[in-house]
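Take a look at the structure below.
The values are calculated or read from the model by the stated rules, or taken from the named source; none is laboratory data. For clarity, every value in this text was computed on a predicted model and none was experimentally measured. Note: ideal-geometry Cβ built from the backbone for every residue, glycine included; neighbour counts use all protein chains shown.
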Amino acid sequence: ISSPTLFQYLSDVFCDNEYGPNFLFVNNGDGTFTDVAQQAGVEDPMQHGRGVTLADFNRDGKMDIVYGNWNGPHRLYLQLGNNRKHRFKDIASQKFSMPSPVRTVIAADFDNDNELEVFFNNIAYRGSSSNRLFRVTRREHGDPQIEELNVGEAAEPEGRGTGAAVTDFDGDGRLDLLISHGESAAQPLSIYRVNQGSTNSWLRVIPRTQYGAYARGAKVVVYTKRSGPHTRIIDGGSGYLCEMEPVAHFGLGKDIATNVEVYWPDGKSIARPLEPSEINSVLEIRYPREEEEGTPEIEIECGQGFAMNENGRCTDKDECTQFPSVCPTDRPVCTNTYGSHKCRANKRCNQGFEPNDDGSACVGEWAYPGPRYVCFLRLQSFQRVIVTFSKLLFSSLHPCTCMTYCLHWLCTVS
Ligand SMILES: [Ca+2]
Ligand SMILES: [Ca+2]
Ligand SMILES: [Ca+2]
Ligand SMILES: [Ca+2]
């Protein structure tokens with residue numbers, strides 16, 4: 001899959017390989033590429049990759065990689081690194097990663113609720129194998145949450161699915177799902193429509209090249225009032241044995257889209273505000289003429305946590321630098337985050353831990369909402385460390401049975 005994965009506009013190449021490690025070729029910008037898959041943690045050398053696609057699940061502007069492995073664990077790699085160091089972390093849940101005879105993988109907002117879904121098309125080649133659907137919900141201070149959804153009739157447990165794609169066939173603003181079958185048995189095509197989210201807003205953006213063709217390799221960012229920036233790639237072909245439409249489809253839920261930015265692979269870019277009349281429509285974006293490239297003449301609203309920079313593009317506001325007294329005196333340590341910032345107490349903690357909000361204890365770096373388990377680690381020296389975990393993380397399991405480093409913890413519900 002070829003797209004601006006690691007940088008603003010240059011196209012990198014990710015190869016989800018069978019029989020051998022994956023490649024992640026970083027575009028050096030001078031016609032050469034360097035494979036950084038191993039350093040980035042996406043080599044996965046023992047698995048056989050099938051469908052792959054890119055999406056920004058946590059809306060931090062960095063593209064994340066999701067792919068299925070043939071009868072192996074499926075991956076959802078969140079991009080963590082910065083411009084110099086590329087690093088990914090697999091956040092796939094147990095259910096999400098469950099091995100299956102997978103073919104195409106699609107990431108799209110099927111119900112236009114603002115959060116992305118991941119669809120796995122499985123082939124029933126030795127007994128039945130249902131297709132599956134997961135919603136990946138962004139969380140402000142934590143990794144996205146993954147939940148399995150009912151895929152309805154599109155489960156096709158006996159389907160010999162070999163490829164799938166999305167587009168809006170009937171023009172109602174909701175993506176429809178097309179699944180092709182064959183290879184090991186002749187079956188007709190199927191097309192599914194989503195029966196949820198009809199009241200949610202949406203926007204479809206089609207960037208063009210200077211010659212009027214679909215701009216493969218372009219990146220489209222839509223800024224919103226409340227849910228931050230939503231990024232889509234017009235990729236050069238994702239899925240498996242198929243290719244997605246060259247359209248950036250945005251589900252907006254009840255949020256309001258304020259402006260759109262498009263980055264072409266040659267470095268050209270454009271930013272312009274969105275009119276309320278343009279919501280729920282298909283927007284064509286021409287390749288910019290010289291004079292259109294600079295700062296837009298009309299004021300752009302970037303939404304909460306973002307501000308317009310000198311180039312007229314929306315960027316994260318560094319609250320810690322811009323407003324040195326943004327944090328209260330009992331939590332004076334400010335850390336800038338994408339679209340927001342964090343304040344914490346001035347307390348020193350061991351690696352992997354951070355002070356809790358009032359600075360009275362060191363807690364694990366995860367911050368989950370909801371009920372919490374308090375775990376005590378009993379070391380030989382009788383040193384006691386407290387860490388809090390959410391119930392979400394453990395679901396029905398005993399809070400300390402599911403994580404290896406938790407084996408020696410004693411837990412109580414706080
Ligand atoms: Ca991301
Ligand atoms: Ca959704
Ligand atoms: Ca539709
Ligand atoms: Ca910020």
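Against the conditions (1) on the phi < 0 side of the Ramachandran plot; (2) within 16 Å of ligand 2 (Cβ to nearest atom); (3) touching a residue at least 40 places away in the same chain (Cβ under 8 Å), residue 103 satisfies every one except (2). Restricted to the range 65-81, and to residues there that are part of a strand (DSSP E or B) and away from ligand 1 (no atom under 16 Å from the Cβ), the residue that is nearest to residue 237 (Cα to Cα) is 68. Counting residues in the range 28-37 that are surrounded by 22 or more Cβ atoms within 10 Å (Cβ to Cβ) and of a type in the set (S, T, N, Q) gives zero.
Among the residues of the range 98-110, is there at least one that is within 15 Å of ligand 3 (Cβ to nearest atom), hydrophobic (A, V, I, L, M, F, W, C) and not in a strand (DSSP E or B)? Yes, the range 98-110 contains at least one residue that is within 15 Å of ligand 3 (Cβ to nearest atom), hydrophobic (A, V, I, L, M, F, W, C) and not in a strand (DSSP E or B). Residue 61 fulfils the conditions (1) in contact (Cβ under 8 Å) with a residue 24 or more places away in the chain; (2) over 27 Å from residue 246 (Cβ atoms); (3) assigned to a loop (DSSP other than H, G, I, E, B) except for a single criterion, (2). In the set 249, 341, only one residue is within 16 Å of ligand 3 (Cβ to nearest atom) and not in a loop (DSSP other than H, G, I, E, B); that residue is 249. Between 180, 130, the distinction of being buried (at least 21 other Cβ atoms within 10 Å of the Cβ) and touching a residue at least 24 places away in the same chain (Cβ under 8 Å) belongs to 180 only. Is it true that residue 239 is closer than 20 Å to residue 11 by Cβ and either exposed (fewer than 15 other Cβ atoms within 10 Å of the Cβ) or under 24 Å from the mean Cα position of the chain (by Cα) (or both)? Yes: the conditions hold for residue 239. Does residue 251 fit the bill of being in contact (Cβ under 8 Å) with a residue 12 or more places away in the chain and either among the charged types (D, E, K, R) or on the phi > 0 side of the Ramachandran plot (or both)? It is false that residue 251 is in contact (Cβ under 8 Å) with a residue 12 or more places away in the chain and either among the charged types (D, E, K, R) or on the phi > 0 side of the Ramachandran plot (or both). If we scan the range 176-184, do we find a residue that is small (Gly, Ala, Ser), within 20 Å of the chain's Cα centre (by Cα) and in a loop (DSSP other than H, G, I, E, B)? No, the range 176-184 contains no residue that is small (Gly, Ala, Ser), within 20 Å of the chain's Cα centre (by Cα) and in a loop (DSSP other than H, G, I, E, B). Applying the criterion of being crowded, with 24+ Cβ neighbours inside 10 Å and charged (D, E, K, R) to the residues of the range 62-89, the residue that is nearest to residue 26 (Cα to Cα) is 64.
Note on the range 252-298: among residues that are more than 24 Å from the chain's Cα centre (by Cα), part of a loop (DSSP other than H, G, I, E, B) and of a type in the set (Ser, Thr, Tyr), the one that is modelled with the lowest pLDDT is 295. When restricted to residues that are charged (D, E, K, R), at pLDDT 95 or above and assigned to a strand (DSSP E or B), the range 135-159 contains 4.
Filtering the range 214-234 to residues that are more than 15 Å from the chain's Cα centre (by Cα), not hydrophobic (A, V, I, L, M, F, W, C) and not in a strand (DSSP E or B) leaves 216, 217, 225, 226.
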